[in-house]
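Here's the structure we're looking at; comments come further down.
The values are calculated or read from the model by the stated rules, or taken from the named source; none is laboratory data. Only a predicted model underlies this, so the values are computations on that prediction, with no experimental measurement involved. All Cβ positions, even for glycine, are placed from backbone atoms using ideal geometry, and neighbour counts span all protein chains on display. Please note that ligands, DNA and RNA were not included when accessible areas were found on the heavy atoms of the full protein model with its side chains. Shrake-Rupley method; radii C 1.70, N 1.55, O 1.52, S 1.80 Å.
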Amino acid sequence: MAQVWRCSGLRWSVDGPVLVWGGGRRSALARGKRIAFAVPEGAVRACAGARGNDCPVRAVVPGRSTGGRCEECARLARAYSVAADTVADDPRPYRVYLAWFGPGLVKAGITAVERGPARLLEQGAVCFSWLGTGPLMAARRAEELLRAALRVPDRVPYAEKRAVRSALPGTEAERAAEVRELHARAVALAGWPESLRAEPCQVVDHVGVFGLAGVPKAYGEVLELVPGGSVRGELVAAAGPDLHLAVGGRGAVVLDTRLMMGWELVPAEGAVDGCAFPVREFGREPDGLF
């Protein structure tokens, strides 16, 4: 019987992306690595649980859920979350950042100073710059100021990030231009929180880290994993939670590793590259139900 693996998600470290599996096993994701797995017939996707604990009822969750949790476990997972804005008294210093994902796709966000650039790697930021450092609530006020005064959002949908990665500007200077322009406008705003120290604009570029230079054009993204489906291909890039897999003549397909959580996975049989999961092609609207 084939060994079964249960994915716990993708993590970024100083050495690059790593897939984490149940039991603490880890798989480093070096470019050029062969990725090949299948979902057994009759399998169901179980809730990933919350805060290191299994779901008490082993709830079944939808295949297209990127959270991979039932409603109760999702609530518990976000009960103490800066990202979910449920924490107001965290004494740690925070940084405000500007992150760029492609032409016209810039967002503002915050992250704890102690996390360094990990948050930017996790989101798939192609380049970024710190904007300010200070207490949590001052960082939150700066986020609100940027949204109100400069219309800078705090979220960019992953579908939009994926669709532009294969056609990014070719030089670091071109990729940094929007961040530099917004940084200058942001630090000049009236109403900047007094307790937030402005940081100089120093754009960090992740194209090399993610392997996006010369990456094969992606034709679409995996919508969900399904029983009896499989994928087999070569890892050509990894950005945020996404793996770009070259799967044959059409180019590459993007797999969001959050869709893997909760499934029991087995090695894919056969030697032919391809993707037998539902895929939404870039440039086409999904069907009306989703």
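Data for the structure
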| read-out | value |
| --- | --- |
| Inverse of mean 1/r across different Cα pairs in the chain, Kirkwood, Å | 20.3 |
| Whole-percent carbon and sulfur share, accessible surface of the chain, 1.4 Å | 53 |
| Ellipticity estimate at 222 nm from DSSP helix runs (n ≥ 4, -39,500 (n - 2.57)) divided over the chain, nearest 500 | -5500 deg cm²/dmol |
| Using distinct alpha-carbon pairs, which all enter the 1/r mean, Kirkwood radius of segment 142-198 in Å | 13.3 |
| Degrees between helix 172-187 axis and first principal axis of the chain (Cα, 0 to 90, nearest 10) | 50 |
| Accessible solvent surface per residue of the chain, calculated while the other protein chains remain in place, 1.4 angstrom probe, Å² | 49 |
| Rounded if a/c under 1.5, otherwise prolate or oblate - segment 206-290, Cα gyration tensor axes | rounded |
| Within-12-Å neighbourhood charge of Pro135 [Cβ basis; K, R +1; D, E -1] | +2 |
| Where no second cysteine Cβ lies under 4.7 Å, the cysteines concerned in the chain | Cys7, Cys73, Cys127, Cys201, Cys275 |
| Charge context of Phe37, other residues only, Cβ under 11 angstrom, K/R +1, D/E -1 | 0 |
| Ranked by how many other beta carbons lie within 10 Å on average, peptides 126-138, 229-241 from highest | 229-241, 126-138 |
